[in-house]
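Right, one structure below, let's go through it.
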Amino acid sequence: MSLYKLDHVHLTNPDPIKMARFYTEIMGAKVTRQQGTPGQEIIDLDWGGLPIRISKSTGADGGWKGLRFGLHHLGLIVDDMDRAASEMEATGVKFVLGPTSPRPGVKYAFVENPDGVLVELTENKES
């Protein structure tokens, strides 16, 4: 069997720069590469070890007319949910589900990025 490993998660957005700012300025991602021409930017990020690529379109768009179902959310571990939630609320980030604790030591929340993609935040301090 061939070997498969993650290269990147690709997010398309009409304004890749705006989307990249969301992940860098609000969620702490780092830009690792930016290429393309103005209006056709391709921006690569490292988001806590997860490689994210953002652009307006992909090479598959011409031959693929399917619905964009499949990506439900991206998950991220946070060290302090209360601090992360406070920082995000201060920037106007929309919480779909505010911080919730299903059991002691565990908290999670869902926020919405500018395109409506969900990002799950999880704090796990269970012993």
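The values are calculated or read from the model by the stated rules, or taken from the named source; none is laboratory data. Every value quoted in this text rests on a predicted model; they were computed, and no experiment measured them. Positions of Cβ are backbone-derived with ideal geometry, glycine not excepted, and every protein chain shown enters the neighbour counts. Heavy atoms of the whole protein, side chains included, go into the accessibility calculation; ligands, DNA and RNA do not. Shrake-Rupley method; radii C 1.70, N 1.55, O 1.52, S 1.80 Å.
Look at segment 113-127: where a residue is over 19 Å from Thr12 (Cα atoms) and a partner is basic (Lys, Arg) and modelled with pLDDT of 85 or more, sitting 6+ places away or on another chain with Cβ atoms under 8 Å, you get Thr122/Lys107; Glu123/Lys107; Glu126/Arg103.
Considering only residues in segment 92-112 that are assigned to a loop (DSSP other than H, G, I, E, B) and without any contact (Cβ under 8 Å) to a residue 60 or more places away in the chain, the one that is least open to solvent (accessible area, probe 1.4 Å) turns out to be Gly105.
Which residue is most open to solvent (accessible area, probe 1.4 Å), if the candidates are limited to segment 39-50 and must be in a strand (DSSP E or B) and closer than 17 Å to Leu121 by Cα? Full working, then the answer.
Taking segment 39-50 first, the residues in a strand (DSSP E or B) are 42-47, 50.
In the following step, the residues that additionally are closer than 17 Å to Leu121 by Cα were identified as 46-47, 50.
Numbers: Asp46: 66, Trp47: 8, Leu50: 39 Å².
The qualifying residue most open to solvent (accessible area, probe 1.4 Å) is Asp46.
Please determine, by comparing only the residues of segment 1-26 that are open to solvent by less than 40 Å² (accessible area, probe 1.4 Å) and at pLDDT below 90, which one is farthest from Leu121 (Cα to Cα). Out of the qualifying residues, it is Asn13. Evaluation of Asp80 against the conditions (1) at pLDDT 90 or above; (2) under 17 Å from Ala20 (Cα atoms); (3) not hydrophobic (A, V, I, L, M, F, W, C) shows that the sole unmet condition is (2).
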